[in-house]
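Engineer: This is the structure I want to talk about, given as structure tokens.
The values are calculated or read from the model by the stated rules, or taken from the named source; none is laboratory data. Only a predicted model underlies this, so the values are computations on that prediction, with no experimental measurement involved. So basically every Cβ, Gly included, is an ideal-geometry build from the backbone, and we count neighbours across all protein chains shown. Protein only, heavy atoms only, side chains kept; ligands, DNA and RNA dropped before computing areas. Shrake-Rupley method; radii C 1.70, N 1.55, O 1.52, S 1.80 Å.
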Amino acid sequence: MIIFKEKHALKVYLATLKAQNKTIGFVPTMGALHQGHLSLIKQAQQRNDVVVVSIFVNPTQFDNKEDLAKYPKTLESDTKLLESVACDVLFHPSIEEIYHKNIVSESFDFDGLEHQMEGKFRDGHFNGVGTIVKTLFEIVEPDNAYFGQKDFQQLQIIKKMVEKHQLNLKIKGCKIFREKDGLAMSSRNVRLTKEQREIAPFIYKTLKKAKKKFSDKSADKVSKWVENQFKKEPLLKLEYFTIADEKTLETIIKKESDKKYRAFIAVFAGEIRLIDNIQLKN
Ligand code: AMP
């Protein structure tokens, strides 16, 4: 695996591969890699000649300074893991390399997708995400880029950005990779205490039950039921649960048979914020 810290050197290297008609698959990450990230890399490897992974903890997408400071950084083990799965290129730039001295976001209009769910609770988050992903796309110029459905709103927003800015690449959404007990894999999981880790699978269990209930109950009834379930769990604090249209991400008002819905959840275990989602059947 070749490691680049400088965008110019990476661009020069990738240009030689592109001149040989090699396709580039790109997996942007913030590091602290786990099997979920590896599942994206595997899919990228199946469809591209060369796979580039980036590791960059993007400061502008954090609305909470403490969350940014405590974000796990495990570059050495990440590098070993990437080598073990035969990743071709790692791009690991410094903050300066990306932002120079001006650590601010661009402002984006994602046709309202940015105002739903995470957008309501994480101020400026999606402007930060848009800024870093657009910058990385300009550096790597991939043919395909891979994003997890774990961050479903982010995935839809990136697709919107590609459409609106007419970027020349395809966005591939990848399934949520879970621990055996159902907890969605996340870099933040390592920060959970033993007690919090034990109770955390309750989130996905509740999502699965909500999915069942949604087949014959209204979204409102299901939402109230979920809120009540979390009231019984003192170690978990529900931030939001919402059932929304997969395309617009707007909260459902009335079930319509031709629409696809998904349930979205954000929960605090102490100060650690966990998100998850599940596709629903009407
Ligand atoms: P992150 O490093 O958390 O920014 O994640 C980098 C990419 O990996 C994003 O596209 C995430 O949606 C994706 N990802 C993170 N966790 C999972 C997971 N458990 N399953 C699938 N994709 C994931």
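Engineer: Report the label-to-label distance for Glu239 and His165 in nanometres (one decimal), using points 7 Å from each Cα along the Cα→Cβ vector.
Structural biologist: 2.4 nm
Engineer: Also, quick follow-up: Could you check the spin-label model distance between Ser77 and Asp258? Points 7 Å from the Cα along Cα→Cβ, value in nm.
Structural biologist: Taking the simple label geometry, Ser77 and Asp258 are separated by 5.0 nm.
Engineer: Rounded to a whole number, what is D in µm²/s for segment 176-236 from Stokes-Einstein with the Kirkwood radius over alpha-carbon pairs (25 °C, 0.890 mPa s)? Walk me through the numbers before you get to the answer.
Structural biologist: Values: Rh = 12.6 Å.
D = 194 µm²/s.
Engineer: Tell me which trypsin sites (Lys or Arg not before Pro) from segment 140-188 have a DSSP coil assignment and no more than 13 other beta carbons within 10 Å of their own. Working shown, then result.
Structural biologist: On the way: sites: Lys150, Lys159, Lys160, Lys164, Lys170, Lys172, Lys175, Arg178, Lys180, Arg188; in loops: Lys175, Lys180.
Taking segment 140-188 and a limit of 13 other Cβ atoms within 10 Å, the loop trypsin sites (Lys or Arg not before Pro) found are Lys175, Lys180.
Engineer: Can you tell me the mean projection area, over all orientations, of the convex hull of segment 187-277's alpha carbons? Units nm², please.
Structural biologist: Dividing the Cα hull surface by four gives the mean projection, 6.1 nm².
Engineer: I would also like to ask the following. Less than 13 Å Cβ to Cβ from Ile176, Lys/Arg counted +1 and Asp/Glu -1: what total charge do the surrounding residues give? Spell out each step's value before the answer.
Structural biologist: Working: positive: Lys150, Lys175, Arg178, Lys208, Arg262; negative: Asp151, Glu179, Asp276.
Result for the neighbourhood of Ile176: +2.
Engineer: Could you order Val140, Val85, Val12 by accessible surface area, starting with the largest, using a probe radius of 1.4 Å?
Structural biologist: The most accessible residue leads, giving Val12, Val85, Val140.
Engineer: Let me have the relative contact order for segment 151-282, percent, based on Cα pairs under 8 Å that are six or more residues apart.
Structural biologist: On the way: 171 pairs, mean separation 29.7, N = 132.
Across segment 151-282, relative contact order equals 22 percent.
Engineer: Of the accessible area of the chain, with the probe set at 1.4 angstrom, what percent is carbon plus sulfur?
Structural biologist: Roughly 50 percent of what the probe reaches on the chain is carbon or sulfur.
Engineer: So, one more: Relative contact order for segment 125-198 using alpha-carbon pairs under 8 Å, separation at least 6, rounded to a whole percent?
Structural biologist: Answer for segment 125-198 is 28 percent.
Engineer: Lys and Arg at +1, Asp and Glu at -1: add these up for the other residues within a Cβ distance under 11 Å of Ala266 and post the number.
Structural biologist: Local net charge: +1.
Engineer: For Lys5, Lys213, Lys134, Lys65, write out the residues from largest to smallest accessible area, computed with a 1.4 angstrom probe and no ligands counted. The partial results should precede the final answer.
Structural biologist: Numbers: Lys5 125, Lys213 60, Lys134 35, Lys65 180 Å².
So the residues, ranked largest to smallest area, are Lys65, Lys5, Lys213, Lys134.
Engineer: A further question on this structure: Per residue of the chain, what 222 nm ellipticity follows from adding -39500 (n - 2.57) for every DSSP H run with n ≥ 4, rounded to the nearest 500?
Structural biologist: -11500 deg cm²/dmol
Engineer: Mean Kyte-Doolittle hydropathy of -0.5 or higher plus an axial Cα length of 20 Å or more: which whole DSSP H helices in the chain meet both?
Structural biologist: Correct list, ordered by number: 125-140.
Engineer: A follow-up question, please. Could you give the nm distance between label points at Lys194 and Ile3, where each point is 7 Å from its Cα heading toward the beta carbon?
Structural biologist: It is 3.4 nm.
Engineer: What accessible area per residue comes out for the chain, rounded to a whole number of Å², with a 1.4 Å probe? Each step should come with its number before you reach the end.
Structural biologist: Details: 14490 Å² over 282 residues.
That works out to 51 Å² for each residue.
Engineer: Among the aspartates and glutamates, which have Cα under 16 Å from the Cα of Lys260 when same-chain residues fewer than 8 positions away are ignored?
Structural biologist: The qualifying aspartates and glutamates are Asp216, Asp245, Glu246, Glu250.
Engineer: Given all pairs of different Cα atoms, what value in angstroms does the Kirkwood hydrodynamic radius of the chain take? List each step's numbers first, then the result.
Structural biologist: Values: mean 1/r = 0.0505 Å⁻¹.
Taking the inverse mean of 1/r over all distinct Cα pairs, the chain comes out at 19.8 Å.
Engineer: Just to verify a number: FRET efficiency for Val12 and Glu66, C-beta to C-beta distance, R0 = 41 Å, to 0.05?
Structural biologist: The formula returns an efficiency of 0.60 here.
Engineer: Once the Cα atoms of segment 92-214 are picked out, what are the Rg and Dmax in Å?
Structural biologist: Taking only Cα atoms of segment 92-214, I get Rg and Dmax of 17.0, 51 Å.
Engineer: Same structure again: Count the lysine pairs in segment 14-128 whose Cα atoms lie under 19 Å apart, taking only pairs 8 or more positions apart in sequence or on different chains.
Structural biologist: 5
Engineer: In a shell of Cβ-Cβ distance under 13 Å around Tyr240, excluding Tyr240 itself, what net charge do Lys and Arg (+1) and Asp and Glu (-1) give?
Structural biologist: 0
Engineer: Where the centroid of each part is defined by its Cα atoms, how far is segment 115-194 from segment 13-59 in Å?
Structural biologist: After rounding, the separation between the Cα centres reads 14 Å.
Engineer: Which FRET efficiency value, to the nearest 0.05, do you get for Ser84 and Asp109 by plugging their Cβ-Cβ distance into 1/(1 + (r/R0)^6) with R0 = 51 Å?
Structural biologist: Efficiency at R0 = 51 Å is approximately 0.80.
Engineer: In what sequence, largest accessible area first, do Met30, Met117 appear using a 1.4 Å probe?
Structural biologist: Met30, Met117
Engineer: Turning to a different aspect of this structure: Mind checking which aspartates and glutamates have their C-alpha under 19 Å from Lys11, skipping anything on the same chain fewer than 8 residues away?
Structural biologist: The reachable aspartates and glutamates, counting only those whose Cα sits under 19 Å from Lys11, are Asp49, Asp88, Glu96, Glu97, Glu138, Glu141, Asp143.
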